[in-house]
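Comments concern the structure below.
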Amino acid sequence: AQTVTQSQPEMSVQEAETVTLSCTYDTSESDYYLFWYKQPPSRQMILVIRQEAYKQQNATENRFSVNFQKAAKSFSLKISDSQLGDAAMYFCAILNQAGTALIFGKGTTLSVSS
Amino acid sequence: DAGVTQSPTHLIKTRGQQVTLRCSPKSGHDTVSWYQQALGQGPQFIFQYYEEEERQRGNFPDRFSGHQFPNYSSELNVNALLLGDSALYLCASSLAGDTYQETQYFGPGTRLLVL
């Protein structure tokens, strides 16, 4: 079975600073997909970034980037130049072996202060 | 480009009642997945529908059932509601057969409260 672990229930950062959210996972597959989703208080789950395991290059989307360490089964999210609008719950997820279900971690609540 | 929509936004029911939640997928998508998110937790997969068939099911009892219509929209039905069914129900859509089929896009959710 695949599992996802987010060991930081809460994180805080100041505006314009950089913060890294941690995620580790377990899977027996060699090819899989990893995701970071953001869920603000409005509840809408928003895709932040995705990573294909067969790609060695770390994915980047504007201020968001990942540090994907396949051997260590680690998938951290780095947010640069943090903004007030980045405050939300962040979920790390892996797509299951059937390619149907996302398996989520318990989330990290990120607060941003001015 | 129309995103994933869900209705209703909020719902209050009593134990033992039945509820139906609705989801319209993102324009161009043909696959719908349902998730249950308890307060403070990550979403849990309920099931996925593709070509009007249940493609895979998570660890949820038969009280949870679904349907997909020819226009790809979907319903989630929950019978004999329990207090523990109180949660945010999320619908996600994707496109099967696409190189990015694995990316699921979520709707705003339906908040269900069972009293």
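The values are calculated or read from the model by the stated rules, or taken from the named source; none is laboratory data. Quick caveat, the model's predicted, so the values are computed rather than measured. Methodologically, a virtual Cβ is constructed for each residue, glycine included, from the backbone with ideal geometry; neighbour enumeration extends over all protein chains shown. Heavy atoms of the whole protein, side chains included, go into the accessibility calculation; ligands, DNA and RNA do not. Shrake-Rupley method; radii C 1.70, N 1.55, O 1.52, S 1.80 Å.
Answer rounded, prolate or oblate for the range B:5-114, using the Cα gyration tensor with square roots of eigenvalues a ≥ b ≥ c: rounded when a/c is under 1.5, else prolate when a/b is larger than b/c, else oblate.
prolate
Once neighbouring chains are kept in place and the probe is 1.4 Å, which whole percent of the accessible area of chain B is contributed by carbon and sulfur?
Numbers: 2660 of 5440 Å².
Carbon and sulfur together cover 49 percent of it.
Can you put B:Ile12, A:Ile49 in order of accessible area, largest first, using a 1.4 Å probe?
The most accessible residue leads, giving B:Ile12, A:Ile49.
Placing dummy labels 7 Å off each Cα toward the beta-carbon, the span from A:Lys78 to A:Gln2 is 2.5 nm. Per the accessible-area calculation with a 1.4 Å probe, the total area buried between chain B and chain A rounds to 1900 Å².
Here the average projected area of the convex hull drawn through the C-alpha atoms of the range B:18-64 stands at 4.2 nm². Once C-alpha pairs closer than 8 Å and six or more residues apart are averaged by separation and normalised to the residue number of the range A:3-113, the relative contact order reads 37 percent. Where in the range B:1-42 are there trypsin sites (Lys or Arg not before Pro) that are in a DSSP coil and have at most 14 other Cβ atoms within 10 angstrom of their Cβ? In loop regions of the range B:1-42 (DSSP not H, G, I, E or B), the sparsely surrounded trypsin sites (Lys or Arg not before Pro) are B:Arg15. Scalar couplings 3J(HN,Hα) for the range A:96-106, obtained by applying the Karplus form with A = 6.51, B = -1.76, C = 1.60 to θ = phi - 60°, are 5, 4, 7, x, 10, 9, 8, 10, 9, x, 7 Hz; x denotes Gly and Pro. For GluC sites (Glu not before Pro), the sites in the range B:1-62 that DSSP calls loop and that have at most 14 other Cβ atoms within 10 Å are B:Glu51, B:Glu52. For A:Ser76, nonlocal amide neighbours, meaning residues 5 or more places apart or on other chains whose placed amide H falls under 5 Å from its own, are A:Cys23, A:Asn67, A:Gln69. At q = 0.08, 0.10, 0.14 Å⁻¹, what base-10 log of I(q)/I(0) does the Debye formula yield for the protein assembly as shown when every alpha carbon is treated as an equal point scatterer in vacuo? Normalising to I(0) and taking log10 leaves -0.29, -0.45, -0.89.
Using a 10 Å Cβ count of at most 15 others and DSSP loop calls, identify the longest part of chain A lacking such GluC sites (Glu not before Pro). Could you put the intermediate results ahead of the total?
Values: sites that count: A:Glu15, A:Glu17, A:Glu29.
So the longest stretch without any such site is A:30-114.
Hey, what did chain B get for relative contact order, percent, Cα under 8 Å, at least 6 apart? With pairs under 8 Å counted, the relative contact order is 36 percent.
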